[in-house]
Structures are given as C-alpha cells and as structure tokens.
Amino acid sequence: METPWMGKLSNIRRTKMLAQGGRCYYCNLPMWDPELDNALPEICRAPAMRKYLRCTAEHLHPRSDGGANVAANIVAACWYCNTRRHHRKEPPSPDIHRARVRERMANGKWLAAQLRDISNAVGPGSGARRV
C-alpha cells in the first residue's frame with residue numbers, strides 16, 4: 001500500500017517526466033515509467049537496459065539534508081544518473097552533476113557506453129537499439 005507522500009511523489013515524478021519530454025534531467029536519454037501508458041523507448045526494449053533508464057524522482061536538495069517532497073525540489077532522472085549522483089560520499093550539486101554527466105557522455109564514458117556494451121551482449125534479436 002502506498003503511503004500518502006509516496007502517492008504524491010509518484011504524481012510529481014510523472015508530471016516532471018512529461019514536462020521534460022520523457023528525458024532524464026542529467027543525461028537527456030529517454031526514460032520509461034512502468035506506471036505510465038507511454039510507449040517503452042526503443043533503447044529500453046532489452047530487459048537489461050530497463051533498469052538503467054527507469055524514471056525516478058530526483059531530489060535536487062536531498063531528503064537526507066532536509067529536502068522536501070515538493071515539485072520545486074524534484075526533477076525526473078533516470079535510475080542510473082540518480083544513483084550515481086548519490087553514490088558519492090558528498091554528492092555534487094545538481095548543476096555540477098549535470099555538467100559532469102554531459103561531459104562524460106560526450107567522451108563516451110557515461111551510460112551510453114554501458115548501454116552499447118549491453119546491446120552488443122544481448123544481440124540483434126533482443127529488440128535493443130545500438131546507441
């Protein structure tokens with residue numbers, strides 16, 4: 001059963017995802033949300049890729065530091081970018097993380113490179129798109 005704040009957070013996440021054109025705030029790759037009737041982006045058709053690009057509610061000011069579950073503090077981010085930001089001992093600011101992600105993507109060292117590896121591993125019959 002969903003708690004009241006979880007239901008609100010899900011609604012904010014969905015609203016933000018739609019407002020962002022279905023793309024991650026950090027890497028700008030297409031995301032998917034199992035609760036929406038949106039078509040699964042081609043890049044997510046291989047089950048191994050779905051985990052990485054699942055839409056999450058990213059708190060710009062982390063809850064652990066007092067950030068609230070309000071629309072002004074939340075953006076839609078893929079699971080990979082969200083977890084990578086908070087994987088650090090001292091998470092970078094959203095602006096610094098976004099710049100770092102975009103720079104690493106331009107150099108082929110972020111999620112796109114990992115998706116390419118997964119796509120090659122699952123093969124052409126999987127429905128996966130090469131990135």
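The values are calculated or read from the model by the stated rules, or taken from the named source; none is laboratory data. Please read all numbers here as calculations on a predicted model, not as lab measurements. Neighbour counts run over all protein chains shown; Cβ positions are idealised from the backbone, glycine included.
Among the residues of segment 101-131, those that are at pLDDT 65 or above and buried (at least 16 other Cβ atoms within 10 Å of the Cβ) comprise Val101, Arg104, Met105, Trp110, Leu111. Of the numbered criteria (1) under 12 Å from the mean Cα position of the chain (by Cα); (2) crowded, with 16+ Cβ neighbours inside 10 Å, the one His97 fails is (1). Taken as a whole, the condition of being in a loop (DSSP other than H, G, I, E, B) and either modelled with pLDDT of 55 or more or touching a Lys or Arg at 6+ places or on another chain (Cβ under 9 Å) (or both) applies to Glu90. A single member of Asn28, Asn69, Asn82 is of a type outside the set (Lys, Arg) and in a helix (DSSP H, G or I), and it is Asn82.
Each residue in segment 31-65 was checked for being among the acidic types (Asp, Glu), part of a loop (DSSP other than H, G, I, E, B) and surrounded by 17 or more Cβ atoms within 10 Å (Cβ to Cβ), and 1 pass. For the structure I just gave you, tell me whether Val70 is buried (at least 20 other Cβ atoms within 10 Å of the Cβ) and touching a residue at least 40 places away in the same chain (Cβ under 8 Å). For Val70, the condition - buried (at least 20 other Cβ atoms within 10 Å of the Cβ) and touching a residue at least 40 places away in the same chain (Cβ under 8 Å) - is not met.
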